[in-house]
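The values are calculated or read from the model by the stated rules, or taken from the named source; none is laboratory data. Predicted model only: the values in this text are computed from it and were never measured. As a convention, Cβ positions derive from the backbone with ideal geometry for all residues, glycine included, and neighbour counts pool all protein chains shown.
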Amino acid sequence: MMNHDMYSSQIENRSYVTEQQTGQKSPTLHSSVYKFRDIENVIQLAHRLPQPFFNSKLFQYHSYYYLVVYFPESRLVRGKDWVESLILEYGERCHVTTHRLEEYGRELITENALATIKAYFKALV
């Protein structure tokens, strides 16, 4: 079994108890936003990444699809290595903020977007 240091938000939420209960800080998450020309690229990406994956959200804004991925801060030190490289095969990094997407975009999937897409859509051959 491969350990890619990836966790879905449900797993993270179960394994990290609130700060008041343990006296420890909960992990700090860093978001990265990626833009895709069409939904098929997002579906193909979801089938290429191993599950469970980091928490993610999917938005539609100005005829593009935006994937917001929440990486743990500890992951930033080591870099996103192959994960971001794989994402960039299907989309591109962009500078639209999550706040702008939440305010003006249409939120399509609010939690675990990649796992949800993989469960509901078949990959093109």
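Taking residue 59, is it outside any helix (DSSP H, G or I), modelled with pLDDT under 90 and surrounded by 19 or more Cβ atoms within 10 Å (Cβ to Cβ)? Let's see the steps before the verdict.
Values: outside any helix (DSSP H, G or I): yes; modelled with pLDDT under 90: no; surrounded by 19 or more Cβ atoms within 10 Å (Cβ to Cβ): yes.
Answer is no for this residue.
Please go through the stretch 27-56 and pick out each residue that is part of a strand (DSSP E or B) and either among the charged types (D, E, K, R) or under 18 Å from residue 121 (Cβ atoms) (or both). Don't jump to the end; show me each part of the working.
Filtering the stretch 27-56 down to residues part of a strand (DSSP E or B) leaves 29-36, 56.
Residues satisfying the conditions are 34, 35, 36, 56.
One line per residue, one yes/no per condition, for (1) closer than 17 Å to residue 36 by Cβ; (2) aromatic (Phe, Trp, Tyr); (3) in contact with a helix residue (DSSP H, G or I) (Cβ under 8 Å, 6 or more places away or on another chain); (4) modelled with pLDDT under 90:
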position	(1), (2), (3), (4)
77	no, no, no, yes
90	yes, yes, yes, no
98	yes, no, no, no
103	no, no, no, no
107	yes, no, yes, no
111	no, no, yes, no
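Report, by residue number, each residue of the stretch 88-99 that is within 18 Å of residue 40 (Cβ to Cβ) and of a type in the set (A, V, I, L, M).
Of the stretch 88-99, the ones within 18 Å of residue 40 (Cβ to Cβ) are 88-92.
The answer is 88, and nothing else.
Take the stretch 100-125 and flag every residue that is over 13 Å from residue 42 (Cβ atoms) and part of a strand (DSSP E or B).
The answer is 106, 107.
With the requirement that a residue be in contact with a strand residue (DSSP E or B) (Cβ under 8 Å, 6 or more places away or on another chain), buried (at least 17 other Cβ atoms within 10 Å of the Cβ) and of a type outside the set (A, V, I, L, M), what does the stretch 94-119 give you?
105, 112
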